[in-house]
1. Please verify whether B:Arg110 is modelled with pLDDT of 95 or more, of a type outside the set (A, V, I, L, M) and in contact with a helix residue (DSSP H, G or I) (Cβ under 6 Å, 6 or more places away or on another chain), treating the condition exactly as stated.
2. Considering the stretch B:89-101 alone, what residues qualify as being under 13 Å from B:Tyr120 (Cβ atoms) and surrounded by 13 or more Cβ atoms within 10 Å (Cβ to Cβ)?
3. Please work out which residue is farthest from B:Pro5 (Cα to Cα), limiting yourself to the stretch A:14-56 and to residues that are among the hydroxyl-bearing types (Ser, Thr, Tyr) and within 7 Å of another protein chain (Cβ to nearest Cβ).
4. Name the residues in the stretch A:8-26 that are surrounded by 21 or more Cβ atoms within 10 Å (Cβ to Cβ), in a helix (DSSP H, G or I) and of a type outside the set (A, V, I, L, M), would you?
5. Could you please tell me which pairs satisfy a Cβ distance under 8 Å, a separation of 6+ or placement on different chains, a first residue in the stretch A:47-69 that is more than 17 Å from A:Ala22 (Cβ to Cβ), and a second residue that is surrounded by fewer than 16 Cβ atoms within 10 Å (Cβ to Cβ) and hydroxyl-bearing (Ser, Thr, Tyr)?
6. Looking only at the stretch A:34-53, count how many residues are assigned to a loop (DSSP other than H, G, I, E, B) and surrounded by 16 or more Cβ atoms within 10 Å (Cβ to Cβ).
7. Please tell me if B:Arg72 is farther than 14 Å from B:Pro156 by Cα and not small (Gly, Ala, Ser).
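The values are calculated or read from the model by the stated rules, or taken from the named source; none is laboratory data. Computed from a predicted structure; not experimentally measured. All Cβ positions, even for glycine, are placed from backbone atoms using ideal geometry, and neighbour counts span all protein chains on display.
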Amino acid sequence: MARTGIPPFELFYEAHSDEVLAFLRRRAGRARADDLFQETFLRALRAYGRLEHGEHLRAWVLTIAANAIVDAARRERPTVELPAEPAGEDMRPAVEELAPLTDDLPPKERAAVVLRYGYDLDYDEIGAALGSNEQAARQAASAGVRRLRKEKESR
Amino acid sequence: MTGVPTVLDERFRAAAAASGDLDVAYDLLDDTPVGPLLVGVSDRGLCRVGFDPEPEAELERLARSFGPRVLRTPRALDRVRLELDEYFAGRRHAFDLELDLRATPEFHRRVLEELTRVEYGHTTTYGALALQVGAPRAARAVGTVMNRNPLPIVLPCHRVVGANGSLTGYGGGLDRKEWLLRLEGAIL
């Protein structure tokens, strides 16, 4: 029943809850962060039983947190206003355009590209999320972008 | 974990328990008369009572047996805590809890089931229990079942003693076995 390398949820929660809360506070403000914190870990709990392996759990939970922010923003703002918003202020369009394009990338490169260009995380944050460092995150993101360019050219 | 305010942490744990998405909800009872206990419940019932818990090892075992969604959620254990408190205070002689023994091998389950017939304040022997499950030569195997009992206290393996009346052994240590039997008035 237990798949390889998946820690009991308690240990996963203890390992990442500080960082997730700090991330949410930075990205969504202290007032919203509390609700988003609970939402993030409830979503993670729901999906946890279906995980195939225990790799990149930090990147995984930070992606869930980022999605929770996007969904909350979507609930708060009527969709019709969206096109008028300046690019970059709202992270949704970037993510929605980017995510499908990166489906075929290796997991680490995909995570780096989406977190960098979709969610505008700094490389040190991405490095932390991937369990490596800033330089490795930078390399993974640029390798991902190179691979995307190559795929685009070959189409 | 240092930066998450207690109120936020507790709110999440309560919401997780209410979500129905947990494989095992557990808690650590730090101040029982027999020392610290780890208790766990699944959606089917009580699935773990552990003496002197080393939490990480216990959680890994629970995850292997029941699934990885194992979380400390004190509220989900309210009923278990209450019944144990009553038992330790001498006010409860039988537990009224659903039990989840799905991770326990079939022979062990049979023996443990037979064990539940041994009432508060009474004892039996390994040999008698072996006889009752139809395996008269399996006294030693019955000892192993007692030693691996996932729900000590609630499934009263402390009530099983040697043929000569000696306490013999106990997964939680002989001191605890003696304390429990004294509590129940089985020894003076």
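1. Numbers: modelled with pLDDT of 95 or more: yes; of a type outside the set (A, V, I, L, M): yes; in contact with a helix residue (DSSP H, G or I) (Cβ under 6 Å, 6 or more places away or on another chain): no.
So B:Arg110 does not fit the description; no.
2. Listed by number, the residues that qualify are B:Arg92, B:Phe95.
3. Here is the first cut: in the stretch A:14-56, the residues among the hydroxyl-bearing types (Ser, Thr, Tyr) are A:17, A:40, A:48.
Filter again for within 7 Å of another protein chain (Cβ to nearest Cβ), leaving A:17, A:48.
Working: A:Ser17: 11, A:Tyr48: 24 Å.
Ranking the qualifying residues of the stretch A:14-56, first place goes to A:Tyr48.
4. First, the residues of the stretch A:8-26 that are surrounded by 21 or more Cβ atoms within 10 Å (Cβ to Cβ): A:8-10, A:12-13, A:16-17, A:20-21, A:23-24.
Next, from what is left, pick out any that are in a helix (DSSP H, G or I): A:9-10, A:12-13, A:16-17, A:20-21, A:23-24.
Answer for the stretch A:8-26, where residues must be surrounded by 21 or more Cβ atoms within 10 Å (Cβ to Cβ), in a helix (DSSP H, G or I) and of a type outside the set (A, V, I, L, M): A:Phe9, A:Glu10, A:Phe12, A:Tyr13, A:His16, A:Ser17, A:Phe23.
5. Every condition considered, the pairs that remain are A:His53/A:Thr4; A:Gly54/A:Thr4.
6. Initially, the stretch A:34-53 is screened for residues assigned to a loop (DSSP other than H, G, I, E, B), giving A:49-53.
Going one step further and asking which of them are surrounded by 16 or more Cβ atoms within 10 Å (Cβ to Cβ), we end up with A:49, A:51.
So the answer is 2.
7. Details: farther than 14 Å from B:Pro156 by Cα: yes; not small (Gly, Ala, Ser): yes.
Against the criterion (farther than 14 Å from B:Pro156 by Cα and not small (Gly, Ala, Ser)), B:Arg72 qualifies.
Conditions (1) part of a helix (DSSP H, G or I); (2) closer than 23 Å to B:Arg91 by Cβ; (3) modelled with pLDDT of 95 or more; (4) touching a Ser or Thr at 6+ places or on another chain (Cβ under 6 Å), marked per residue:
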site	(1), (2), (3), (4)
B:Ala128	yes, no, yes, no
B:Leu131	yes, no, yes, no
B:Ala135	no, no, no, no
B:Val142	yes, no, yes, no
B:Val154	no, yes, yes, no
B:Gly165	no, no, no, no
B:Thr168	no, no, no, no
B:Leu180	yes, yes, yes, no
B:Leu188	no, yes, no, no
